[in-house]
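Engineer: Encoded as structure tokens, here's the structure I'll be asking about.
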Amino acid sequence: MKIESKEYRTIWYEEEVVKIIDQTKLPHQFIIKELKTVKDAVKAIKIMEVRGAPLIGGTAAYGIALAAKENKDLQFIKNSAAELIESRPTAINLKWAVERMMKKLSGINSDQILDIALNEAKEICDEDEKFCENIGINGLKIIEDIYNKKKDTVNILTHCNAGWLATINWGTATSPIYHAHKKGIPVHVWVDETRPRNQGANLTSYELNEEKIPNTIIADNTGGILMQRGEVDMCIVGTDRTLSNGDVCNKIGTYLKALAAHDNNVPFYVALPSSTIDWDIKDAKDIPIEERNSEELSHIEGIDENNEIKKVFIYPKKSKSMNLAFDVTPAKYVTGLITERGISEASKNGLEELFKK
Ligand code: MRU
């Protein structure tokens with residue numbers, strides 16, 4: 001998608017380094033950063049220069065390739081794989097991508113290992129881009145149906161950033177929105193600010209602006225009243241891990257939005273590529289929920305009058321704070337899962353119908 005009218009993907013390999021858009025500096029500065037070692041990739045994931053489940057997966061895949069570039073010894077690559085998997089716990093795409101890379105590299109002799117690793121990392125990213133595009137084509141039908149009944153702007157609420165910046169391209173939640181916009185359907189997006197890191201305000205609104213899609217940032221608590229007033233036609237969010245029973249783990253606050261949507265008969269969709277499905281964990285209580293540094297709550301970043309990025313402390317000095325990064329929305333509150341293969345019911349049967357048969 002575009003930034004200042006130029007097409008980008010979020011990660012690519014060029015001049016023997018991996019290049020990423022540093023998301024910690026957006027929306028105020030657009031900086032392309034180079035990852036030269038697997039440690040650089042681990043750090044980029046940990047400090048969230050890259051974030052969003054599919055992009056974390058793509059970065060981890062290139063991280064394995066960087067490990068192979070540094071040292072072709074399989075033990076070194078295996079240790080790097082373990083480090084990458086530990087860098088962020090909740091998004092399943094990370095583990096999925098590392099395991100896919102390691103499977104590809106097993107039994108490969110050291111002369112070929114780098115080329116094969118780079119090809120597989122690119123393949124993982126290309127596939128994610130294609131899957132996200134298909135999510136858009138499938139989700140477009142839902143937006144079109146609403147538009148055909150309403151004959152007026154379709155208002156869509158989203159939480160966090162499940163946009164193209166969270167994937168390789170297109171996004172998951174935003175892909176149907178981009179497709180609708182390209183088809184000329186009038187859409188407007190309510191963008192949850194998404195405290196504490198403000199991925200909605202800093203990233204979703206930013207990328208929608210760049211694609212000229214009307215959007216309005218709201219405080220995270222505003223969605224409920226908008227739904228009561230009939231100002232939200234549908235919600236679409238992304239997910240970091242969806243269980244085979246349809247339970248959806250996503251950015252903290254998603255659950256509350258789903259409850260409000262349920263109470264107001266607003267359809268609540270979750271968009272995801274199949275790499276985000278966890279076929280193993282059966283009970284949502286077993287999903288590792290990341291707890292991040294409470295500084296993300298107690299401090300806030302912005303630009304001052306000299307256009308310099310500044311971080312300030314905003315809480316009472318003696319207060320404690322706690323920062324759980326994800327929550328789980330039970331399947332019963334999810335209207336449907338928009339995937340690359342079609343739209344499924346959020347249930348074991350629904351997912352198996354699409355992916356197992
Ligand atoms: O902590 P983040 O910014 O990585 O959280 C991202 C989300 O929760 C997204 O909604 C999710 O990864 C889906 S991205 C297509």
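Engineer: Can you tell which of Ser274, Ser298, Ser294 is within 16 Å of the ligand (Cβ to nearest atom), hydroxyl-bearing (Ser, Thr, Tyr) and free of Cβ contacts under 8 Å to residues at least 60 places away in the same chain?
Structural biologist: Ser294
Engineer: Please count how many residues of segment 273-321 are of a type in the set (D, E, K, R) and surrounded by 12 or more Cβ atoms within 10 Å (Cβ to Cβ). Walk me through how you get there before you give the answer.
Structural biologist: Here is the first cut: in segment 273-321, the residues of a type in the set (D, E, K, R) are 278, 280, 282-283, 285-286, 290-292, 295-296, 301, 304-305, 308, 310-311, 317-318, 320.
Still in the running and surrounded by 12 or more Cβ atoms within 10 Å (Cβ to Cβ): 278, 282, 290-292, 295-296, 301.
Residues that pass the stated criteria total 8.
Engineer: Still on this structure, please answer the following. Of the numbered conditions (1) open to solvent by 80 Å² or more (accessible area, probe 1.4 Å); (2) assigned to a helix (DSSP H, G or I), Ala121 fails exactly one; give the number of that condition.
Structural biologist: The number of the failed condition is (1).
Engineer: Which of the following residues is closer than 30 Å to Asp233 by Cβ and either assigned by TED's automatic domain parsing to the domain that holds Glu86 or of a type in the set (D, E, K, R) (or both): Lys282, Lys318, Lys332?
Structural biologist: Lys332
Listed here are the residues, each with its yes/no results for (1) within 16 Å of the ligand (Cβ to nearest atom); (2) more than 24 Å from His179 (Cα to Cα); (3) in contact with a Gly (Cβ under 8 Å, 6 or more places away or on another chain); (4) assigned by TED's automatic domain parsing to the domain that holds Trp190.
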position: Gln228; (1), (2), (3), (4): no, yes, no, yes
position: Asp240; (1), (2), (3), (4): yes, no, no, yes
position: Ser244; (1), (2), (3), (4): no, yes, no, yes
position: Asp247; (1), (2), (3), (4): yes, yes, no, yes
position: Gly253; (1), (2), (3), (4): yes, yes, no, yes
position: Ala260; (1), (2), (3), (4): no, yes, yes, yes
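Engineer: In addition: Within segment 149-264, which strands (runs of 3 or more DSSP E) (wholly inside it) include 3 or more residues that are under 18 Å from the mean Cα position of the chain (by Cα) and modelled with pLDDT of 95 or more?
Structural biologist: The qualifying strands (runs of 3 or more DSSP E) are 154-158, 187-192, 234-237, 241-243, 248-251.
Engineer: Being in contact with a strand residue (DSSP E or B) (Cβ under 9 Å, 6 or more places away or on another chain) and within 16 Å of the ligand (Cβ to nearest atom) is the filter here, so list the residues in segment 27-60 that pass it.
Structural biologist: Ala41, Lys43, Ala44, Glu49, Val50, Ala53, Leu55, Gly58, Thr59, listed by residue number.
Engineer: A further question on this structure: If you check Gly223 against the conditions, is it on the phi > 0 side of the Ramachandran plot, within 16 Å of the ligand (Cβ to nearest atom) and either in the same structural domain as Ala346 (by TED's automatic domain parsing) or not basic (Lys, Arg) (or both)?
Structural biologist: When the stated conditions are applied, Gly223 does not pass them.
Engineer: Determine which single condition Thr90 fails, assuming it passes every other condition in (1) more than 23 Å from Leu272 (Cβ to Cβ); (2) within 16 Å of the ligand (Cβ to nearest atom); (3) among the hydroxyl-bearing types (Ser, Thr, Tyr).
Structural biologist: In the conditions (1) more than 23 Å from Leu272 (Cβ to Cβ); (2) within 16 Å of the ligand (Cβ to nearest atom); (3) among the hydroxyl-bearing types (Ser, Thr, Tyr), Thr90 misses (1) alone.
Engineer: Would you say Asn306 is within 13 Å of the ligand (Cβ to nearest atom), under 27 Å from Gln29 (Cα atoms) and either more than 17 Å from the chain's Cα centre (by Cα) or at pLDDT below 95 (or both)? Talk me through it step by step, then tell me what you get.
Structural biologist: Details: within 13 Å of the ligand (Cβ to nearest atom): no; under 27 Å from Gln29 (Cα atoms): yes; either more than 17 Å from the chain's Cα centre (by Cα) or at pLDDT below 95 (or both): yes.
So Asn306 does not fit the description; no.
Engineer: Arg241 is checked against (1) more than 17 Å from Ile156 (Cβ to Cβ); (2) surrounded by fewer than 17 Cβ atoms within 10 Å (Cβ to Cβ) and fails just one. What number does that condition carry?
Structural biologist: Here Arg241 clears every test but (2).
The values are calculated or read from the model by the stated rules, or taken from the named source; none is laboratory data. Here the structure is a predicted model, which is why all the values come from computation and not from measurement. Cβ sites come from the backbone with ideal geometry, for glycine too, and all protein chains shown count toward neighbours. These accessible areas exclude ligands, DNA and RNA; they are computed on the full protein's heavy atoms, side chains included. Shrake-Rupley method; radii C 1.70, N 1.55, O 1.52, S 1.80 Å.
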